[in-house]
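Taking it in order: structure first as structure tokens, then the write-up.
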Amino acid sequence: MILFPAIDLKNGQCVRLEQGDMARATVFNLDPAAQAQSFVAQGFEYLHVVDLDGAFAGKPVNAQAIEAMLKTIKIPVQLGGGIRDLSTVEAWLDKGITRVIIGTAAVRDPELVKAAAKKFPGRVAVGLDARDGKVAVEGWAETSQVTVLEIAQRFEDAGVAAIIFTDIARDGLLKGLNLDATIALAEAISIPVIASGGLASIEDVKAMLTPRASRLAGAIAGRALYDGRLDPAAALTLIRNARPA
């Protein structure tokens, strides 16, 4: 299980939103590269980054901040937000991103995901963000009529590295992960699933390490890390101790 600390970028700053609402943003760090470095110092092994402005614009917007992070840290980075075509996928992978996350385009243009996953095996993930079980797109501004499972199943044999499943209703609100829905998704598909949205405390990390959650590949932590509700050292120790020897 990998615990991914999240850096969400808006106007070049490191922020957290509540339920994906750009008007409800809290700025946590003016220097995303320094924040990334801090996560590395805390012992994290993989970073999750989202270009929020990019998700709304449909193209990369915070490239400068992301490139500064890549120059500063050596751990792998997965990036989502505004990745809607193959050339953007390729450009980010060339710049040193380990894995790109395709969200809106996975709903609108599944062939893009299939082509990208075929061209870059193991380096393309799909971000599925759900509101009441239906997938939201365009930076969560719109809700589609398809379910998370329907979309996930489209990519079963495409070579997708992971599905990142976010429960929008919980995101940024510290209500705890929606493990029931996430585990149900993981059990219905063969693609590894990463839980996102609402991780609130060490109890969520413990729940991720129980046998019923064994199919989950990881979880993303945001606000709980920034406001001190989740102690990184304690969480990472738990995870390390749970790994098979």
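The values are calculated or read from the model by the stated rules, or taken from the named source; none is laboratory data. Just so we're clear, the structure is a prediction, and the values are computed from it rather than from any experiment. Note that each Cβ is placed from the backbone with ideal geometry, even for glycine, and that neighbours are counted across all protein chains shown. We work out accessible area using only protein heavy atoms, side chains counted, and drop any ligands, DNA or RNA first. Shrake-Rupley method; radii C 1.70, N 1.55, O 1.52, S 1.80 Å.
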request  = Give me the distance between the Cα centres of the stretch 166-237 and the stretch 54-116, rounded to whole Å.
outcome  = 23
task = Give the total of Lys-Lys pairs in the chain with Cα-Cα distances below 26 Å; include a pair only if its members are 8 or more places apart or on different chains.
result = 24
request  = For every helix of n ≥ 4 consecutive DSSP H residues, a contribution of -39,500 (n - 2.57) applies; sum these over the chain, divide by its total residues, and give [θ] at 222 nm rounded to the nearest 500 deg cm²/dmol.
outcome  = -10000 deg cm²/dmol
inquiry  = With 24 Å as the cut-off, how large is the P(r) tail for the stretch 2-242, expressed as percent of Cα-Cα pairs?
reply    = 39
Net charge over other residues, Cβ less than 12 angstrom from the Cβ of A63 (K, R count +1; D, E count -1) = -1
message = How much length would be gained if the chain were fully extended between K175 and D31, taking 0.36 nm per residue of separation minus their Cα-Cα distance, in nm to one decimal?
response = 49.1 nm
request  = Mind listing the long-range amide H neighbours of G127? Cut-off is under 5 Å, sequence gap 5 or more, other chains count too, H placed in the peptide plane at 1.01 Å from N.
outcome  = I102, G103, I164
Normalised contact order of the stretch 2-242, rounded percent, pairs of Cα under 8 Å and 6 or more residues apart = 17
ask   = Sorting D31, D53 by accessible area (1.4 Å probe), largest first, what list results?
value = D31, D53
